[in-house]
Structure formats: structure tokens, C-alpha cells
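Participant: One structure, as C-alpha cells, below. Some questions next.
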Amino acid sequence: MNGAERCQPLLGVLREPARMADLDLGEWDRLLRQAGSAGLLSRLAVQAEALDARIPAPVRPHLAAARTVAAKQRQAVRWEARRVAKALAGLDCPVLLLKGAAYALADLPPAPGRLFGDIDLLVPKAQLGRAEGALMLAGWHASGKSEYDQRYYRRWMHELPPMIHLRRGTVLDVHHNLLPETSRIPTQAGPVLAGARPLPNMPGLYVPADTELVLHSACHLFHEGEWGHGLRDLVDLDALLRAFASVRFWPQLLSRAAELNLGRPLYYALDCCRRWLSTPVPEEILATCPARPPVWQRPLMRALFDRGLASAHTNCRQPGTGAALFLLFVRGHYLRMPWRLLVPHLLHQALRRDPPQD
Amino acid sequence: MSSSSPRTWRVPPEADPRHRDWEDEDVFFHGGAGDTHRLSAPAALVLLCLMRSPADEATLAAALAEAAACGSDEAGVALVAILAELERLEFAEPLA
Amino acid sequence: MKLGELSARELRDRLADNALVLRTGPFAMRMHSPLPQVADGLRRLYADFPLGDGAFCDFHVRVGPPTGIRRWLKPQINFWYDGHSPFKPLPANHAFALLEWGMNWCVAGHAHHYLMLHAAVLEQNGRALVMPGDPGAGKSTLTAALMLSGWRLLSDEIALIDRDDGLLVGLGRPVSLKNASIDVIQQHFPDAVIGAPAHDTHKGTVAHLRPTPDSVARVAVKARPAWVIFPRWREGAEARLSPHSRAEAFLHTASHAFNYSLLGGLGFDLNAALMDACACHDFEYSRLEDAVRVFAELATS
């Protein structure tokens, strides 16, 4: 596995955090840069805290700094979630936190050391308008100045344009489905909302069921056009799978994948997790995954995804990464929109003038 | 807006406030939101009370009146504005 | 070994080969640049700085032309931090200034092991002075003058506060001077070594002043904060210290810090400890020699 071999020492340490105690200064120099680029430095820093005495002195300040950043973001996400709960308290429907915010608020294994950007929310489509109104009253405003952007998000995607809080600058992405309306792989939000569980300390806020957390992470990653955070998302998946793995969980995961039509991205997720992070996925689960790709297609997709995952840092890249990233970018768009919408969209994006820099 | 019974106020959970003062000027840190503010002496007094424990409006007004050596009516009026400001800064919330 | 002990040739070669490692205070910087003006600037201003062994570097930086076809279109250069380019490209003759800004960016954006305030820091007789920066206040001119009058420079831009003991940590790097202050300093201190100016930068004309050998030699000595002083140059003003509210100073330093909010409660505690430890003043002046005198008196008080 070429890509994985080149991603050392990062990959070795992701598989076995205790190895950090044995790295020399040269390896640390590489590791900090690979992990920093991949968005994984804070995670490693949290895992390294227990090993602190065995970490070389020049390295420790970097890890302390990375832990500080993650701790701050975690606290900020919690507070922001409280505010969201308060703003949407009048809505008579579940409000789901997705991905990073869900991991943080529900204290799930991907949370320690994770960095967060926007907060992702899921509400029933019928409530989208009221949710947007309530959030605006509380100070969040839709970004995406142009009419085109508004239409792109509202009509074609599965979310409102990002909502930015006027005072705090925090960003909310409000979705009504896991994948865009125009997506080639149609999926349903109803079962996800129905299966959600409430957060104990935040009335009104919910997180998806375990199987849905995995499926959402998988479909987000494997439908993605940009792979800068690919390895980080894979690490999230690995953490979730290891935590949830049980005799009951695996068949539930597959049947839910079939129900939500997300078998294909799940297959890719399980396959990449096994190969990259040695996630203990039972062989028969992969073999019976719904909508798994035909055998002939697998080496090609693996080669693409491997290059995408390894693109995290320049010294992990292999030949063909540039082309692979381009293909993944196109694929990401292709999966989101049919050609009749995609071509005009890409043209529009290419021709628009960027807003003036200040 | 008259209320039949005084509301009880508290510092919101996870607000995690901290306080320091120099030369009788008070600075407060809001741990949850990450904001830092300088508050007037009366507002600081009220917040410091709430940081010790939740309290109802009557108790807070009495504390203000004593510190400012003024009447309870005056203190009551000032308290309304102070609590509104503390609520806006998310240092205080009324208990349901 | 010090940078000044390398021959001009060796310095240029190492720099071009990504093999120059410079220690600036607590940080080891690996530097990469094909540009002669970067080598010249380093030679002129960093001769006293120790070289690192390169086994582990805190920051990997590069200043040079963009890769690919763009390099032939316009003589522009860019700054990279481990392959990422945070700034827009600049004209080639701003290369050394770009390196300095880039190194500040590296520290201010990543060294969250410290509380970092936007302030100049100088030390004398074991006590340190923190001068928060307001643009146009004349902080850099004053910082340069104080250093050249015997104060040890810790930094002209970034006050690094150690989270474990609250002491100030120095970088000892060149002082950035702008426009008129370049001439002012050269006139008052004819022996001062100032690097080649970069004209028409977004800050006007910028040049860098070589740090005194003492500032570089003692950079590893942490300093105890004693004063927080807000300087302000005003035409015709008498050099005068007056009291400044510590609560207000707290809010000012917090709102202008590089990572105060990032550090959360710890940032609050560290900044509060700074205010506890310091006397806080406004300082107004017009003549540099009067300012130096007032501060000399402060140092012996």
C-alpha cells in the first residue's frame, strides 16, 4: 500500500498512539507537520498527554499548544450548541447535531482533540423555514450574498446557505437531509430524525443513532470533492466503528445502509478504514454490504481514495496525486448534481468575479 | 411590568465566570462564551452575589440598597437595568 | 556556532538548500530561500544568532518565487510555512520584510504554549517593561531607542508570557522600523545597523534594526514584568508618565492579544497576573532623548 507507507510516521501513530513515546526528534519534526496539515495534531496531542514524560522537550510546547486549541474549540462548540438550543426551543421538532458538534456534545470517541469549524444541524424539511426564522431572530444571518448562491443552496443542495452569527462570527450549516436533493444517490432524512436520541443536558437537541453517525460520516467523506480533511474524517469513522462494534451493531449498520441507500459510501468507508487504520471490520460485513461496487471497479476507486487520503501533506503525496485530486473533485460535484445542472454551475463558478479583497 | 413574586436569577450552567478587580474596577470573564467585560460597581456587586449562589430579585435589591446607601425603590429600579444587562451578556438568567 | 561565522557563500548555499537552521529565542527556524537579498539581510542583522543542529525545527519557512509558471510572469515572491502560503505575493524587493512578517506570523499563530500580547518588551536590571502597541503611537521608535540605550530587547512585537511562571520570554529579533523613524533612529544612533529598506510596502517604507549583542546573547533569560506602559508620541509634549487604569489596561491587552481568547480561562488568569505584577502608565513624549532619560530613571527606581 504505497500511500500508507509514505504517510509515516503519521499513519503508524494513528494506528498505535503509544508509538509516540518512541519517536526520535527527526520523526517528530515530520509528524508535527503531517499531522498539522491533516488537521490531526490536536488529536495526537491529547493522546500524547499520558506519555508526556517520554516526549522530547522541544516537542512538548507544540503538543500543549495543540491541546489548548482543541480545548477552546470544544468549549466554544458546547456554548454555541446551548445558544442554538435556546434559539430553536420554539420549534416543535427534533433538532439534530451532526458530525463534529454531535461528537463533542455526546462525548463520543472522535471528540477528544477534534477541531471544529461550522456546526452542522439537521431539521425536518417542513420546518426549515421556521428554523431559519428563529435563528435569524437570535442573530444568525444567511451568508452567500449572491442570488445564485442562495438558489444553489436552497433549491439544489440539502442545506440553507451557511448562517453566520453577527456578533460572534460562528457558523451554522442547517441541513434537511444527509445528501443534496439533486444527488445521484437519493436518501431520506425521515428515518434519521426518527432514530435520533436526545442529548441529556441540552433540551431540544438530539444526535443521530450510532448507525446513522457512521453512515453520515461515510457518505460525507466519500461524496466529498475536497480531500484536505479526508484522513481526519477517516479517523472519526475508525473511532466510531471501534466504539460501536458489536455482534448487534454490524447487521444493524448494513440494514440501515440499505434503508437509507448509503451502502456504496459505507463500503468505501469500511474498506479504507480497514486498510489505513486497521479498523476491525468483520470480513463478512464487507462481503455482504448492500450496493457494494463491482469487483472490477474497486482497485480504481481505492487508488483514487488513497491518493485523496494521502494528500493531507506534501511529503505523503505520491505520483498521480494531482490528477487523482482533480478526479475526486469532479466526482464530488458529479455525485451532487446531474450534468444539466452541474455544467452551468461550474461555468458560473469559474466566471464569477471574486469579491474584492481588503 | 409588575411581577407578583420576585424572580430567582442564577449564573447559567457552563458560564464559568471569573472575576478580578484593580483600583475598584471590576473585570469579568465569561468562560462559556470566552468574552471579557468591565462592569460598573453595582453590576459587579449583583454578579458577585449570583456567583456565590442563585438569588431572587428582592435579595439582590436589598444588597444593592445597602451597598449604595439608598432606598429600596431606587435599588429596585437600578436592579432591573442591571439584570437586563447581565442577561444580555449571558452572565445571568432567570430560573424558569 | 553563530550565523556570522559562516562565509557568505556557505550562508547562501545553506539557505538555498533548505539547510539553514536559526535559533531565535525558544524557536528553531528552518529557512529556505534562493534570494540573495534574504541571505544579505540575515548576514547583516542575524550574525550573532546561534545556528541550530536541525534535528527538530519548530517552523519550516520559505521565501521565494512561486513555483510553476507564475514565476516567469511577474517578479514576485511569497512566504510559505510548511508548504502553506498565508499571504499574498509581494514584489521581490520586499523579500526580507516578508521573512520577518512571516516569522512573526508563525509564532503568533502557533505558539499557544504562551499567552501572546501585541506589545514590545524590554528589560533592565531584572525588570521588564511591556508596551502595548497602538498604530502610530511611536512604539517601535521608542523600543529601538531604548534598546540602543542599554535596555535588553526581548521583542518589538510579541510579548510571550510563559504559562507556568508568568515570566516574559524573548525572541531577540530585529526591530521593525517604518518611514520617518528609520531616519530618526539613524540620526540619534549613528552606529546602529539598519538593513536595506523595502519601499512601498503596505506599511510604507520598512527597514529592520539589528538587535544589540546583549539582547541576542541573553535571549534565554526570562524576565519578570514590572511595568505596562502605553506610549504616545505627541508633537511638543513633555516626556511624562501618568497613571493608567489597570482594569482598562487589562481589557486593552486582552483585545489586542494574539491568542487571549484562545487560551480561555488561562488567558484571563495570565493577563490578570501580569496586571497584578505591574505598575501601569501612560507615557507621552516628543523628544527621544527625554523619553530615554525618563525610562532610565524608571529602571533605577
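Participant: List the pairs whose first member sits in the stretch C:97-112 and is away from every other protein chain (no Cβ under 14 Å), whose second member is assigned to a helix (DSSP H, G or I), and whose Cβ atoms are under 7 Å apart, counting only residues at least 6 apart or on separate chains?
Facilitator: Hits for this filter: C:99/C:38.
Participant: Can you tell me which residue among A:270, A:262 is open to solvent by less than 20 Å² (accessible area, probe 1.4 Å) and more than 26 Å from residue A:12 (Cβ to Cβ)? If you could, list the steps in order and put the result at the bottom.
Facilitator: Details: A:270 fails: more than 26 Å from residue A:12 (Cβ to Cβ).
Only one candidate qualifies: A:262.
Participant: Moving to a separate point now. Any residue in the stretch C:144-154 that is small (Gly, Ala, Ser) and surrounded by fewer than 20 Cβ atoms within 10 Å (Cβ to Cβ)?
Facilitator: Step one: list which residues in the stretch C:144-154 are small (Gly, Ala, Ser), which gives C:144-145, C:149-150.
Remaining after also requiring surrounded by fewer than 20 Cβ atoms within 10 Å (Cβ to Cβ): C:149-150.
There is at least one residue in the stretch C:144-154 that is small (Gly, Ala, Ser) and surrounded by fewer than 20 Cβ atoms within 10 Å (Cβ to Cβ).
Participant: Scan the stretch C:264-280 residue by residue and report those that are modelled with pLDDT of 95 or more and open to solvent by less than 40 Å² (accessible area, probe 1.4 Å).
Facilitator: The answer is C:267, C:268, C:270, C:271, C:272, C:274, C:275, C:278, C:280.
Participant: Keeping to the stretch A:238-254, report how many residues are part of a loop (DSSP other than H, G, I, E, B) and open to solvent by 60 Å² or more (accessible area, probe 1.4 Å). Don't jump to the end; show me each part of the working.
Facilitator: Within the stretch A:238-254, the first condition is being part of a loop (DSSP other than H, G, I, E, B), and the residues that meet it are A:245-248.
Those left that are additionally open to solvent by 60 Å² or more (accessible area, probe 1.4 Å): A:247-248.
Residues flagged as part of a loop (DSSP other than H, G, I, E, B) and open to solvent by 60 Å² or more (accessible area, probe 1.4 Å) within the stretch A:238-254 amount to 2.
Participant: Go through (1) in contact with a Leu (Cβ under 6 Å, 6 or more places away or on another chain); (2) closer than 28 Å to residue A:245 by Cα; (3) open to solvent by 30 Å² or more (accessible area, probe 1.4 Å) one by one and return the number of the condition residue A:62 breaks.
Facilitator: (2)
Participant: For the structure I just gave you, tell me whether residue C:248 is more than 11 Å from every other protein chain (Cβ to nearest Cβ) and either of a type in the set (S, T, N, Q) or out of contact with any strand residue (DSSP E or B) (no Cβ under 6 Å at 6 or more places or on another chain) (or both). Can you show your working first?
Facilitator: Details: more than 11 Å from every other protein chain (Cβ to nearest Cβ): no; either of a type in the set (S, T, N, Q) or out of contact with any strand residue (DSSP E or B) (no Cβ under 6 Å at 6 or more places or on another chain) (or both): yes.
It is false that residue C:248 is more than 11 Å from every other protein chain (Cβ to nearest Cβ) and either of a type in the set (S, T, N, Q) or out of contact with any strand residue (DSSP E or B) (no Cβ under 6 Å at 6 or more places or on another chain) (or both).
Participant: Additional query: Filtering the stretch A:282-314 down to residues that are within 14 Å of chain C (Cβ to nearest Cβ) and in a loop (DSSP other than H, G, I, E, B), which residue is farthest from residue A:241 (Cα to Cα)?
Facilitator: Filtering first and then ranking leaves A:313.
Participant: Same structure again: If a residue must be under 30 Å from residue C:197 (Cβ atoms) and open to solvent by 70 Å² or more (accessible area, probe 1.4 Å), how many such residues does the stretch C:208-255 contain?
Facilitator: At the first step, the residues of the stretch C:208-255 found to be under 30 Å from residue C:197 (Cβ atoms) are C:208-219, C:229-237, C:239.
Right, trim to open to solvent by 70 Å² or more (accessible area, probe 1.4 Å) and you get C:213, C:217-218, C:232-235.
Residues in the stretch C:208-255 being under 30 Å from residue C:197 (Cβ atoms) and open to solvent by 70 Å² or more (accessible area, probe 1.4 Å): 7 in total.
Participant: Moving on. In the stretch A:205-220, what residues are open to solvent by less than 40 Å² (accessible area, probe 1.4 Å) and touching a Leu at 6+ places or on another chain (Cβ under 7 Å)?
Facilitator: First pass over the stretch A:205-220, keeping only residues open to solvent by less than 40 Å² (accessible area, probe 1.4 Å): A:205, A:207-209, A:211-219.
Passing the criteria: A:205, A:207, A:208, A:211, A:213, A:214, A:215, A:216, A:217, A:218, A:219.
Participant: Moving to a separate point now. Given the condition within 14 Å of chain A (Cβ to nearest Cβ) and open to solvent by 10 Å² or more (accessible area, probe 1.4 Å), answer yes or no: does some residue in the stretch C:113-133 qualify?
Facilitator: yes
Participant: I would also like to ask the following. Given the conditions (1) in a helix (DSSP H, G or I); (2) crowded, with 19+ Cβ neighbours inside 10 Å, which single one is not true for residue A:187?
Facilitator: Failing condition for residue A:187: (1).
Participant: Counting only residues that are open to solvent by 30 Å² or more (accessible area, probe 1.4 Å) and among the hydrophobic types (A, V, I, L, M, F, W, C), which one in the stretch B:50-62 is nearest to residue B:11 (Cα to Cα)? Give the steps one after another, and end with the answer.
Facilitator: Initial filter on the stretch B:50-62 (open to solvent by 30 Å² or more (accessible area, probe 1.4 Å)): B:51-54, B:56-59, B:62.
Adding the requirement that they be among the hydrophobic types (A, V, I, L, M, F, W, C) leaves B:51, B:58, B:62.
On the way: B:51: 6, B:58: 17, B:62: 19 Å.
Among those that are open to solvent by 30 Å² or more (accessible area, probe 1.4 Å) and among the hydrophobic types (A, V, I, L, M, F, W, C), it is B:51.
Participant: I need the full set of residues from the stretch C:178-194 which are open to solvent by 10 Å² or more (accessible area, probe 1.4 Å) and in contact with a helix residue (DSSP H, G or I) (Cβ under 8 Å, 6 or more places away or on another chain), in order please. Working first, answer last.
Facilitator: We begin by selecting, within the stretch C:178-194, every residue open to solvent by 10 Å² or more (accessible area, probe 1.4 Å); these are C:178-184, C:186-194.
Of everything in the stretch C:178-194, those that are open to solvent by 10 Å² or more (accessible area, probe 1.4 Å) and in contact with a helix residue (DSSP H, G or I) (Cβ under 8 Å, 6 or more places away or on another chain) turn out to be C:178, C:181, C:184, C:188, C:189, C:192, C:193, C:194.
Participant: Within the bounds of the stretch A:71-90, is there any residue that is within 14 Å of another protein chain (Cβ to nearest Cβ), part of a loop (DSSP other than H, G, I, E, B), open to solvent by less than 20 Å² (accessible area, probe 1.4 Å) and in contact with a helix residue (DSSP H, G or I) (Cβ under 6 Å, 6 or more places away or on another chain)?
Facilitator: Step one: filter the stretch A:71-90 for residues within 14 Å of another protein chain (Cβ to nearest Cβ), giving A:71-87, A:89.
Going one step further and asking which of them are part of a loop (DSSP other than H, G, I, E, B), we end up with A:89.
Restricting the remaining residues to those that are open to solvent by less than 20 Å² (accessible area, probe 1.4 Å) gives none.
The answer is no, given that none of the residues of the stretch A:71-90 is within 14 Å of another protein chain (Cβ to nearest Cβ), part of a loop (DSSP other than H, G, I, E, B), open to solvent by less than 20 Å² (accessible area, probe 1.4 Å) and in contact with a helix residue (DSSP H, G or I) (Cβ under 6 Å, 6 or more places away or on another chain).
Participant: Just one of the numbered conditions (1) closer than 24 Å to residue A:243 by Cβ; (2) more than 14 Å from the chain's Cα centre (by Cα) is not true of residue A:82; which one?
Facilitator: Only one criterion in (1) closer than 24 Å to residue A:243 by Cβ; (2) more than 14 Å from the chain's Cα centre (by Cα) is unmet by residue A:82, namely (1).
The values are calculated or read from the model by the stated rules, or taken from the named source; none is laboratory data. Just so it is clear, the model here is predicted, and its values are computed rather than measured. In this analysis, Cβ positions are derived from the backbone assuming ideal geometry, glycine residues included, and neighbour counts consider all displayed protein chains. We work out accessible area using only protein heavy atoms, side chains counted, and drop any ligands, DNA or RNA first. Shrake-Rupley method; radii C 1.70, N 1.55, O 1.52, S 1.80 Å.
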